[in-house]
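Note sheet for the following structure.
The values are calculated or read from the model by the stated rules, or taken from the named source; none is laboratory data. Values in this document were obtained by computation on a predicted structure and should not be read as measured data. Backbone-built Cβ (ideal geometry, glycine too); neighbour counts: all protein chains shown.
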Amino acid sequence: MTMKVIVILGLPLSGKTTHAKILVDELNIPLVETGTFVYKAVADRGLEPIPENVVKVAGECKAISDSCFTEMALEYAQEHYKDNEAIFMSGVKAQSEVDHLVNSLGKNNVFLVSFHASAETRHGRLLNKDRKEESTKAGAKGVEDVAMANDKSRFDLRDNKELSYGLGRLMALADFVVNTEDILWPHHNFDITLKDFKRIVNEIIRY
């Protein structure tokens with residue numbers, strides 16, 4: 001049985017991993033984040049995980065292989081979750097990464113789900129009490145969250161860098177879209193978007 005990979009796309013704080021984590025146990029679909037391997041590369045160089053260093057190290061690694069972190073993530077998934085029917089993968093940003101997944105698993109086993117919310121809404125989520133509490137426990141990712149919350153220009157830097165990899169194109173051409181906007185029109189709340197996402201995932205599993 002070939003594993004299905006559900007690639008969850010979206011700019012920071014769009015809600016992709018928050019939604020996926022809820023379905024991990026319910027649907028027995030593990031979540032593999034390419035960012036885990038990015039932060040490991042930053043730590044291996046003895047650097048603090050602030051946005052500037054994350055961008056720098058990611059660029060260095062992608063200069064060697066544009067899909068390097070996705071390659072690592074897929075290898076990890078195939079080793080640890082080989083008996084699972086599907087996995088969620090978060091952190092994919094470039095066409096080369098999708099190409100690697102398709103070449104490894106086949107086009108019919110790779111699905112792109114894009115999460116969308118405005119920049120204002122996404123930055124505001126960094127200031128939410130629950131997010132702040134989670135960030136203090138999140139290690140490297142938490143350090144980056146605090147930096148972006150305190151300085152909007154750092155948040156913009158992260159957005160622009162991810163878009164420069166080609167993320168916007170992948171989001172535009174995704175197989176499915178989830179709208180997580182909850183401040184500006186059109187208003188969606190979490191219960192609705194989680195239900196939408198679960199419906200999409202079940203459709204993919206039945207495919």
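Taking every residue in the stretch 11-30 that is touching a residue at least 12 places away in the same chain (Cβ under 8 Å) and farther than 16 Å from G91 by Cβ and pairing it with any residue that is part of a helix (DSSP H, G or I) and of a type in the set (D, E, K, R), at least 6 positions away or on another chain, the pairs with Cβ-Cβ distances below 7 Å are L23/K198. Per this entry, K21 is counted among residues that are under 14 Å from the mean Cα position of the chain (by Cα), surrounded by fewer than 18 Cβ atoms within 10 Å (Cβ to Cβ), part of a helix (DSSP H, G or I) and not hydroxyl-bearing (S, T, Y). In summary, T2 fulfils each of the numbered conditions (1) in contact with a Gly (Cβ under 8 Å, 6 or more places away or on another chain); (2) part of a helix (DSSP H, G or I); (3) β-branched (V, I, T) with the single exception of condition (2). Would you mind stating whether L9 is modelled with pLDDT under 95, surrounded by 20 or more Cβ atoms within 10 Å (Cβ to Cβ) and not small (G, A, S)? In short, no. Only one of the numbered conditions (1) within 30 Å of N128 (Cβ to Cβ); (2) of a type outside the set (A, V, I, L, M); (3) in contact with a strand residue (DSSP E or B) (Cβ under 7 Å, 6 or more places away or on another chain) is violated by E85, and that is (1). Contact annotation: residue pairs with Cβ atoms under 7 Å, 6 or more positions apart or on different chains, pairing a residue in the stretch 139-154 that is under 16 Å from L11 (Cβ atoms) with a partner that is modelled with pLDDT of 75 or more and β-branched (V, I, T), are E144/I50; E144/V54.
Looking at the structure I just gave you, is E203 over 18 Å from the mean Cα position of the chain (by Cα), modelled with pLDDT under 90 and either assigned to a loop (DSSP other than H, G, I, E, B) or not polar (S, T, N, Q) (or both)?
Values: over 18 Å from the mean Cα position of the chain (by Cα): yes; modelled with pLDDT under 90: no; either assigned to a loop (DSSP other than H, G, I, E, B) or not polar (S, T, N, Q) (or both): yes.
Against the criterion (over 18 Å from the mean Cα position of the chain (by Cα), modelled with pLDDT under 90 and either assigned to a loop (DSSP other than H, G, I, E, B) or not polar (S, T, N, Q) (or both)), E203 does not qualify.
Residues that are surrounded by fewer than 17 Cβ atoms within 10 Å (Cβ to Cβ) and modelled with pLDDT of 95 or more within the stretch 177-195 comprise V177, K195, listed in sequence order.
Considering only residues in the stretch 136-173 that are surrounded by 19 or more Cβ atoms within 10 Å (Cβ to Cβ) and of a type in the set (G, A, S), the one that is modelled with the lowest pLDDT turns out to be A140. Only residues that are free of Cβ contacts under 8 Å to residues at least 40 places away in the same chain and outside any helix (DSSP H, G or I) were counted across the stretch 39-66, and they come to 5. Here S90 meets the list (1) over 20 Å from L194 (Cα atoms); (2) hydroxyl-bearing (S, T, Y); (3) in contact with a Lys or Arg (Cβ under 7 Å, 6 or more places away or on another chain) almost entirely, failing just condition (1). Looking across the stretch 28-53, just one residue is under 18 Å from R199 (Cβ atoms) and modelled with pLDDT of 95 or more, and that is I29. On inspection, T70 does not qualify as more than 30 Å from N189 (Cα to Cα) and in a loop (DSSP other than H, G, I, E, B). Applying the condition of being under 27 Å from E181 (Cβ atoms) and β-branched (V, I, T) to the stretch 39-76 and asking which residue is surrounded by the fewest Cβ atoms within 10 Å (Cβ to Cβ) yields V55.
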